[in-house]
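See structure below.
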Amino acid sequence: MTPIRYTELAAVLARRISEERYELGSFLPSEKELMQEFKTSRHTVRAALQQLQDARLVSRRRGSGTIVEARTSNSGFGQSLSSLEDLVLLAAGSPRHLLAVKEVVADLDMARELNVGPGTRWVRFTSTRSLQDDIPMVLTHVYVDTQYGGIKKITQRSPDRLISELIEEHYGLRIESVRQDISACALPPAAAKILGVDSHSPGLFILRQYRDAAQALVVVSTSYHPAGRYKFSTMLIRQK
């Protein structure tokens, strides 16, 4: 069996917290208990717990344990991504509200926005994810290749999981890469209305393209974040 990665373990624990399997104010299982349950090392467990702490889902006290502090991150949405598994963790920690599912054909404007071919067909999932106080932090459109259209019912049964993760699980393929482009934008009126801000107010636009091992495009997503509700962090390391 392939050893679990710390990002995968963090995603599992974040999902349990969001599903109220661990009550607010309660302790998570000890490091030793998590090591035994997931058959992994103390280093992996500690790295996973650190991710949850960075997301402000838990607090840690030396000699006492790890305490559940929140169901979701309560200070905007902060990202520090190094792998696809980190996206899984972020999805697990923020509830999704599915607004609409529709089959669409890419016209010229949509094709330019998504960087796909005109006339291609997609199943579009429109949703928001919210902060702890139910303020929407993002409006997302996820476009799935129609050959994976059966994911519609599965998505409704698993509302907080990444759609790309569900496709991997139910269609037996593996997402090998995600290209992410981030740019400043003025929020379009339709997006601004759903997000509860003024039309054309400042925000961020994120385009993600998910590809399989053959570099075939499986999923494309677009996300609109109002200013002040999203932070993206990276670390640059000087090469030796």
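List pairs: first residue in the range 194-212 and closer than 18 Å to Thr128 by Cα and in contact (Cβ under 8 Å) with a residue 60 or more places away in the chain, second residue in a loop (DSSP other than H, G, I, E, B) and polar (S, T, N, Q) anywhere in the structure, Cβ distance under 8 angstrom, at least six positions apart or on different chains.
Between residues of the range 194-212 that are closer than 18 Å to Thr128 by Cα and in contact (Cβ under 8 Å) with a residue 60 or more places away in the chain and residues that are in a loop (DSSP other than H, G, I, E, B) and polar (S, T, N, Q), the close pairs are Leu207/Asn115.
Could you check, for the range 184-207, whether at least one of its residues is among the charged types (D, E, K, R), open to solvent by less than 40 Å² (accessible area, probe 1.4 Å) and more than 27 Å from Ala70 (Cβ to Cβ)?
No: zero hits.
Can you tell me which residue within the range 148-161, out of those that are touching a strand residue (DSSP E or B) at 6+ places or on another chain (Cβ under 9 Å) and open to solvent by 20 Å² or more (accessible area, probe 1.4 Å), is modelled with the highest pLDDT?
Filtering first and then ranking leaves Tyr148.
So Leu166 passes all but one of these: (1) among the aliphatic types (A, V, I, L, M); (2) open to solvent by less than 40 Å² (accessible area, probe 1.4 Å); (3) closer than 30 Å to Glu19 by Cβ; (4) modelled with pLDDT of 90 or more. Which condition number does it fail?
With respect to (1) among the aliphatic types (A, V, I, L, M); (2) open to solvent by less than 40 Å² (accessible area, probe 1.4 Å); (3) closer than 30 Å to Glu19 by Cβ; (4) modelled with pLDDT of 90 or more, Leu166 is out only on (4).
When you go through Leu52, Leu99 one by one, which is the residue that is touching a strand residue (DSSP E or B) at 6+ places or on another chain (Cβ under 8 Å), under 19 Å from Arg129 (Cα atoms), at pLDDT below 90 and among the hydrophobic types (A, V, I, L, M, F, W, C)?
The unique qualifying residue is Leu52.
On the given criteria, is Val219 farther than 17 Å from Pro136 by Cα, among the β-branched types (Val, Ile, Thr) and open to solvent by less than 50 Å² (accessible area, probe 1.4 Å)?
Yes, satisfied.
Filter the range 119-144 down to residues that are modelled with pLDDT of 85 or more and surrounded by fewer than 19 Cβ atoms within 10 Å (Cβ to Cβ) and give me whichever is nearest to Ala191 (Cα to Cα).
Only one residue tops the list, namely Thr126.
Quick one: in the range 1-32, of everything that is in contact with a helix residue (DSSP H, G or I) (Cβ under 6 Å, 6 or more places away or on another chain) and β-branched (Val, Ile, Thr), which residue is nearest to Asp54 (Cα to Cα)?
Thr7
Are any residues in the range 212-240 over 17 Å from Leu195 (Cα atoms), under 17 Å from the mean Cα position of the chain (by Cα) and at pLDDT below 90, and if so, which ones?
Hits for the range 212-240 are Phe232, Ser233, Thr234.
Give all pairs with beta carbons closer than 8 Å in which a residue from the range 19-46 that is open to solvent by 90 Å² or more (accessible area, probe 1.4 Å) meets a residue that is aliphatic (A, V, I, L, M); count only pairs at least 6 apart in sequence or on separate chains.
Pairs found: Glu23/Val68; Leu24/Val68; Leu24/Ala70; Phe27/Ile67; Phe27/Val68; Lys39/Met1; Lys39/Ile4; Arg42/Met35.
The values are calculated or read from the model by the stated rules, or taken from the named source; none is laboratory data. In this text, all values refer to a predicted model and were calculated from it rather than measured experimentally. Please note: Cβ atoms are built from the backbone with ideal geometry, for glycine as well, and neighbour counts cover all protein chains shown. When the accessible area is computed, the model is the full protein with side chains, heavy atoms only, and any ligands, DNA or RNA have been set aside. Shrake-Rupley method; radii C 1.70, N 1.55, O 1.52, S 1.80 Å.
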